[in-house]
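Data first, discussion second: the structure below is written as structure tokens.
The values are calculated or read from the model by the stated rules, or taken from the named source; none is laboratory data. Bear in mind the structure is a predicted one, so any value in this text is a computation, not a measurement. Positions of Cβ are backbone-derived with ideal geometry, glycine not excepted, and every protein chain shown enters the neighbour counts.
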Amino acid sequence: MNRQRNRTALVTGANRGIGLETVRRLDLAGLDVVLGARDPERGLAAARTLSSPRVRVEELDVSDAKSVTACAERLAEDSVEVDVLVNNAGIYPTVSFFSLDEDIMRRALDVHLMGAFRTCQAFCPGMARRGYGRVVNVSSGLGALTENVPSPAAYGISKAALNALTLVVSAAMPQTVKVNAVCPGWVRTDMGGRGAPTGVEQGADTVVWLARLPDSGPTGGFFRNRRRIDW
């Protein structure tokens, strides 16, 4: 009788902050975890703080299509099948709209929108074939049309685009693959700053919850503190 393989999660932008906390929590939950980091040395340093044999570090720059493809190929060569994808990689440009140049705008879209587009195209078809998958797009209330998008401009617009991508990918996937977006809140990370009211443990909580949804769980939703919020 064949032993069922362990589930594997891939977390992007995972060498610090919410990403690293998500890796830690998923590892503690018993998943194999691929810690994706643009800088592999920083990824390895982050993994050493976890001291877990289930955590694998991969060089992964979601803004570079070749990097995403190369990562997917390395995992496939080692027979690693991604069951859970957490699109956490992000940047936080704060330039006001009329001071915003095309390079900054393009960079925000390339990381938040195109990065998730690339990883979903690389890993979601396998989830559909295997009949199981969880995709969590780490978005923001700053990208919610019902809240205060576009503030800051490039960040809010690109996160609103990520929310739209969430709906498109959800509609393209079978019900066995749950695709959702999450607003972790204003979190005390390098990006959020020391004055943020939310710790990384709370910031990662809904991310991990969505990554481990049961078969009856929701798909195509936007969540904060484990509750659905408006787009």
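Taking the numbered list (1) surrounded by fewer than 22 Cβ atoms within 10 Å (Cβ to Cβ); (2) modelled with pLDDT of 95 or more; (3) under 16 Å from the mean Cα position of the chain (by Cα) in turn, GLY141 passes all entries but (2).
Out of curiosity, is THR146 surrounded by fewer than 18 Cβ atoms within 10 Å (Cβ to Cβ), among the hydroxyl-bearing types (Ser, Thr, Tyr) and farther than 20 Å from PHE222 by Cβ? Answer is no for this residue. Would you call ARG56 among the charged types (D, E, K, R), in a helix (DSSP H, G or I), closer than 23 Å to ALA204 by Cα and in contact (Cβ under 8 Å) with a residue 12 or more places away in the chain? Against the criterion (among the charged types (D, E, K, R), in a helix (DSSP H, G or I), closer than 23 Å to ALA204 by Cα and in contact (Cβ under 8 Å) with a residue 12 or more places away in the chain), ARG56 does not qualify. Whether a residue is in contact (Cβ under 8 Å) with a residue 24 or more places away in the chain and among the small types (Gly, Ala, Ser) was assessed, and ALA14 passes this test.
Pairs linking a residue in region 154-181 that is under 12 Å from PHE117 (Cβ atoms) and modelled with pLDDT of 95 or more to a residue that is of a type in the set (Asp, Glu) and surrounded by fewer than 24 Cβ atoms within 10 Å (Cβ to Cβ), with Cβ atoms under 9 Å and 6 or more positions apart or on different chains, are SER158/ASP110. Pairs are defined by a Cβ separation below 6 Å, a sequence spacing of at least 6 or placement on different chains, a first member in region 28-52 that is farther than 21 Å from ILE91 by Cα, and a second member that is surrounded by fewer than 16 Cβ atoms within 10 Å (Cβ to Cβ) and modelled with pLDDT under 95; the pairs so defined are ASP32/ASN6.
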